């Protein structure tokens, strides 16, 4: 499994259920290309709050981690499950096509199971109420794969 995240300089990833910065079309295109790739993607893993914010995305199956199964939606291509049940996928071929994409509690719980993280580092500070947990010490390798005036994309891997 891989993770993908965008965060501002103080690790902010959300504010009031939304991204705190103005839309960065080129970064959104990067997210789409990475998670929608038929060879290396197609499966999204997120928490319930993130799902309520972004909804289902075209051409990708979504796994929603939640401990509250009472309000499960009957939405096509969406599966609700808890962390323990989700981890049973770890030894399946689907595991390497999964993308962890938020929010903070889901990153915290599942980043240790990831082999790679693609982090967009927004080079400006934005107000927030949701923050990316520290993960860098779990990934000894890193490379900058894209630099712009507004952000850098860094690939971290084990």
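Given the structure, is residue 131 surrounded by 14 or more Cβ atoms within 10 Å (Cβ to Cβ), closer than 15 Å to residue 5 by Cα and at pLDDT below 95?
No, not satisfied.
Looking at 13, 64, can you tell me which residue is surrounded by 15 or more Cβ atoms within 10 Å (Cβ to Cβ) and within 30 Å of residue 148 (Cα to Cα)?
That would be 13, the only listed residue that is surrounded by 15 or more Cβ atoms within 10 Å (Cβ to Cβ) and within 30 Å of residue 148 (Cα to Cα).
Inspect all residues belonging to segment 22-40 and state whether any of them is closer than 15 Å to residue 122 by Cα, outside any helix (DSSP H, G or I) and touching a strand residue (DSSP E or B) at 6+ places or on another chain (Cβ under 9 Å).
yes
Restricting to segment 107-119, and then to whatever is more than 22 Å from residue 39 (Cβ to Cβ) and in contact with a helix residue (DSSP H, G or I) (Cβ under 7 Å, 6 or more places away or on another chain), can you tell me which residue is surrounded by the most Cβ atoms within 10 Å (Cβ to Cβ)?
Step by step, filter segment 107-119, then rank; the result is 111.
Being in a helix (DSSP H, G or I) and buried (at least 19 other Cβ atoms within 10 Å of the Cβ) is the filter; apply it to segment 83-100 and report the residue that is modelled with the highest pLDDT.
97
Could you give me the residue pairs with C-beta distances under 8 Å whose first residue belongs to segment 84-102 and is on the phi > 0 side of the Ramachandran plot, whose second residue is in a helix (DSSP H, G or I) wherever it lies, and which are 6+ apart or on separate chains?
Here the result reads 102/50, each pair linking segment 84-102 to a residue that is in a helix (DSSP H, G or I).
Could you run through segment 101-132 and say how many residues are under 24 Å from residue 65 (Cα atoms), more than 12 Å from the chain's Cα centre (by Cα) and not in a helix (DSSP H, G or I)?
5
Considering only segment 50-60, I want to know if a residue exists there that is assigned to a helix (DSSP H, G or I), more than 23 Å from residue 150 (Cβ to Cβ) and free of Cβ contacts under 8 Å to residues at least 24 places away in the same chain.
Scanning segment 50-60, I find no residue that is assigned to a helix (DSSP H, G or I), more than 23 Å from residue 150 (Cβ to Cβ) and free of Cβ contacts under 8 Å to residues at least 24 places away in the same chain, so the answer is no.
Every residue in segment 134-158 that is touching a helix residue (DSSP H, G or I) at 6+ places or on another chain (Cβ under 8 Å), free of Cβ contacts under 8 Å to residues at least 60 places away in the same chain, surrounded by fewer than 16 Cβ atoms within 10 Å (Cβ to Cβ) and not in a helix (DSSP H, G or I), please.
Listed by number, the residues that qualify are 142, 158.
Look through 23, 2, 29 and report the one residue that is surrounded by fewer than 13 Cβ atoms within 10 Å (Cβ to Cβ) and modelled with pLDDT of 95 or more.
Testing whether each residue is surrounded by fewer than 13 Cβ atoms within 10 Å (Cβ to Cβ) and modelled with pLDDT of 95 or more leaves just 29.
Looking at segment 6-42 only, could you name the residues that are under 17 Å from residue 103 (Cβ atoms) and touching a helix residue (DSSP H, G or I) at 6+ places or on another chain (Cβ under 7 Å)?
Passing the criteria: 6, 13, 17, 18.
The values are calculated or read from the model by the stated rules, or taken from the named source; none is laboratory data. Just so you know, these numbers come straight off a predicted model, no measurement behind them. Cβ: placed from backbone, ideal geometry, glycine included. Neighbour counts: every protein chain shown.
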